[in-house]
Every structure is written in C-alpha cells, then in structure tokens.
Amino acid sequence: MLVSAERTIEGLTMTATLDHRLDPELVPGLAVVTEAGGFDLDNLAATRAALAGMFAARKAEAPPIEGIAIEERRAPGRNGAPDVPVRLFRPVGRSDALPALLWMHPGGWVLGNPDMDHFDVAQLAKDVGCVAASVDYRLAPEHPYPAPLEDCYAALDWLVREAGSLGIDANRIAVGGGSAGGNLAASLALLAGERGGPRIAYQLLIYPALDDTNVAPASDAVPENPFWSRDNSAKGWRAYLGARFGTADVPPTAAPARARDLSGLPPAYIAVGELDMFLDECIEYARRLTAAGVPTELHVYPRACHAIDAFAPDAAITRRFLAERNAALAAAFRV
C-alpha cells in the first residue's frame with residue numbers, strides 16, 4: 001500500500017509516493033525534498049550549484065557548535081594528484097592525543113562537499129570527544145574511480161603521518177561516511193589492508209552503497225525512496241565506475257560487496273533503514289564480516305528510509321540513530 005503526498009508549488013503539482021510503513025515524522029521532510037524536484041543528476045552543474053548555495057547559506061546562518069574549533073587543512077595528493085582539502089573539527093580545551101574519525105560525505109560520488117554535513121560532523125566530534133576530519137574528495141564523473149578513493153587514502157595517510165602535530169592518537173583512527181561516503185569508508189578499509197597501509201581502528205558505515213549490482217526494481221519489501229531514487233543510484237554508480245559499470249571488471253575497492261575475503265578488516269558498525277534500497281546489501285555485508293571473524297554491529301531502523309538524518313534530523317528515529325551511532329564510535333575508541 002502506498003500513500004501520496006501531493007502539493008502545488010508555483011503552479012506545478014508534484015506528487016511524492018511514500019510507503020505507508022514510513023515513520024510519520026519522516027513524511028514532511030521527505031515531501032519537501034520531493035517538492036523541490038529531488039536531485040537532478042542529468043544537470044549536475046545546476047544541482048551542484050543549488051546544493052552548494054543551500055549548504056553554504058545554512059553554514060553561514062546557523063550558530064556554530066560550541067566547544068568545537070574548525071580548521072581548513074590540505075593533505076598532499078598522491079602520485080601527482082592535487083592536494084586534498086580536509087576540514088578538521090576538534091574539541092577545544094583538549095591537549096591530549098585524541099582519537100580521530102576520517103569522514104566522507106554522501107552525494108552519490110557526484111554531489112556534495114564538507115558543507116553538506118558540517119554541523120552533524122561537528123556535533124559528532126563534540127559528542128564523541130574526537131577529532132573529525134571531513135574530506136573534500138574529487139567528484140565523478142570528472143574524476144571517476146579511483147580518484148575519490150585515492151583522495152581519501154591521501155587524507156588517511158596524512159592523518160597518520162601528522163598525528164603528533166594534529167594532536168591525534170594514530171592508533172585510534174576510524175573511517176566513516178554515509179551512502180557513497182560509506183562506500184568510500186568501506187573501500188578505504190579494504191585498500192589500506194591491500195596496500196599494507198595505515199592501520200584503521202574502526203569502520204562507521206552509515207547506509208553505505210556497497211553493491212553496484214543492486215539494480216533490482218522497487219518492491220513491497222524495499223520500496224522506492226523519493227529522496228534518492230534507484231535511478232539516481234544507478235547514475236551515481238555509472239559516473240563513478242565509468243565503462244566498468246555493469247561488468248565483471250569492478251574491483252572490491254570500488255564496490256566492497258565484490259570482495260571475496262573480508263577477514264582482517266577493522267571492526268564495523270553498519271546502520272541502515274528498513275525501507276532503504278541498500279538494506280539487503282548492508283545486511284549481507286554485515287553477515288559476511290561476521291563470518292570472516294570481524295566484530296560487526298548492525299542496526300536496521302524500523303520505518304526508516306535512506307538518509308533520514310539529511311531531511312528529518314529532529315525525528316525521534318533520527319535522534320535515536322545519531323545517538324546510537326555516536327555511542328558505538330565512542331565505545332570503539334575506548335577499546
């Protein structure tokens with residue numbers, strides 16, 4: 001059964017088709033996104049500009065998170081690549097070496113920058129008592145795989161090398177991100193292991209996009225999500241993978257679900273909504289991590305869809321999700 005939220009904006013009627021199981025507190029925010037036209041990936045320039053303006057305005061207008069110092073830094077690029085902008089969030093008044101979270105923003109590999117989840121990352125750093133480093137990685141399709149991932153690896157390598165000067169405990173560095181950012185976090189854990197690179201203490205995977213073959217049509221079990229459609233998901237994967245999309249030539253460090261061996265990876269936390277199109281791949285990845293001996297915590301949030309923290313941050317289910325996410329990270333840093 002589906003319910004319909006229909007409104008008129010400047011003479012244009014738009015209809016958001018919402019599953020009846022969706023938490024009622026999520027409906028208004030989701031309807032607003034749908035009314036605005038969603039994310040038009042066929043006109044990336046305009047969509048990027050609109051989002052950048054919206055996030056910059058919110059960042060300028062909203063009060064800062066008290067107790068958090070923010071600094072813009074740059075990590076040296078790898079193998080001749082440009083330097084990577086990194087936004088650091090640090091609790092003030094702390095002189096001890098703190099744990100750190102390297103964070104990758106969402107956006108389907110084609111949209112966004114650290115402004116997208118600026119306040120969420122700042123609040124996370126405050127609640128957990130850690131340094132958070134948000135990576136402004138290059139975007140597809142101009143910079144397809146592996147460029148965004150290499151930017152994240154460069155930022156991770158920089159955090160480890162400069163841990164002393166940054167006031168970071170190099171033995172307690174986690175990686176995390178939402179959606180495409182969750183993909184990059186999981187991929188980074190695989191890549192660091194493959195290269196014998198920096199030790200990662202924890203993976204914080206928030207509704208991550210793990211499987212490029214997840215192209216099944218909407219069903220009653222996993223309905224379409226008006227916030228980020230299946231069409232947008234496929235377009236994001238295509239932009240990121242280029243000619244590899246849909247072939248057997250997709251490496252695990254691009255789509256972690258393709259990894260044959262998950263043993264030896266860092267402990268993981270995976271959070272996903274019951275109505276998220278990524279539900280099955282998140283559950284399967286958590287199952288495989290556990291089977292490989294990787295300590296894994298999986299949270300499936302009832303009546304929730306993709307990216308609830310983006311469009312309904314004040315909903316009770318979102319507040320619970322954020323609190324549990326931050327608590328899991330704090331506990332990991334105490335180990």
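The values are calculated or read from the model by the stated rules, or taken from the named source; none is laboratory data. Quantities reported herein were computed from a predicted structural model and do not represent experimental measurements. Heads up, the Cβs are rebuilt from the backbone with ideal geometry, glycines too, and the neighbour counts pull from every protein chain shown. These accessible areas exclude ligands, DNA and RNA; they are computed on the full protein's heavy atoms, side chains included. Shrake-Rupley method; radii C 1.70, N 1.55, O 1.52, S 1.80 Å.
Observations on the structure shown:
- Selection of region 19-49 for residues being at pLDDT 90 or above, small (Gly, Ala, Ser) and open to solvent by 60 Å² or more (accessible area, probe 1.4 Å) yields Ala45, Ala49.
- Residue tally, condition open to solvent by 60 Å² or more (accessible area, probe 1.4 Å) and either under 19 Å from Gln203 (Cβ atoms) or touching a strand residue (DSSP E or B) at 6+ places or on another chain (Cβ under 8 Å) (or both), over region 241-262: 3
- When each of Ala332, Ala286, Ala328 is tested for being open to solvent by less than 40 Å² (accessible area, probe 1.4 Å) and either free of Cβ contacts under 8 Å to residues at least 40 places away in the same chain or under 30 Å from Glu35 (Cβ atoms) (or both), the lone residue that passes is Ala286.
- Within region 159-175, considering residues that are open to solvent by 10 Å² or more (accessible area, probe 1.4 Å) and part of a helix (DSSP H, G or I), the one nearest to Tyr240 (Cα to Cα): Val160
- Candidate set from region 267-283 (those that are of a type in the set (A, V, I, L, M) and surrounded by 15 or more Cβ atoms within 10 Å (Cβ to Cβ)); member that is nearest to Asp23 (Cα to Cα): Leu275
- Condition met for Ile270 (assigned to a helix (DSSP H, G or I), aliphatic (A, V, I, L, M), within 18 Å of the chain's Cα centre (by Cα) and within 30 Å of Gly197 (Cα to Cα)): no
- Helices (runs of 4 or more DSSP H) (entirely within region 27-138) containing at least 3 residues that are within 19 Å of the chain's Cα centre (by Cα) and in contact (Cβ under 8 Å) with a residue 60 or more places away in the chain: 44-61, 118-128
- Residue match in region 203-219 (condition: more than 18 Å from Gly108 (Cβ to Cβ), open to solvent by less than 40 Å² (accessible area, probe 1.4 Å) and touching a Phe, Trp or Tyr at 6+ places or on another chain (Cβ under 9 Å)): yes
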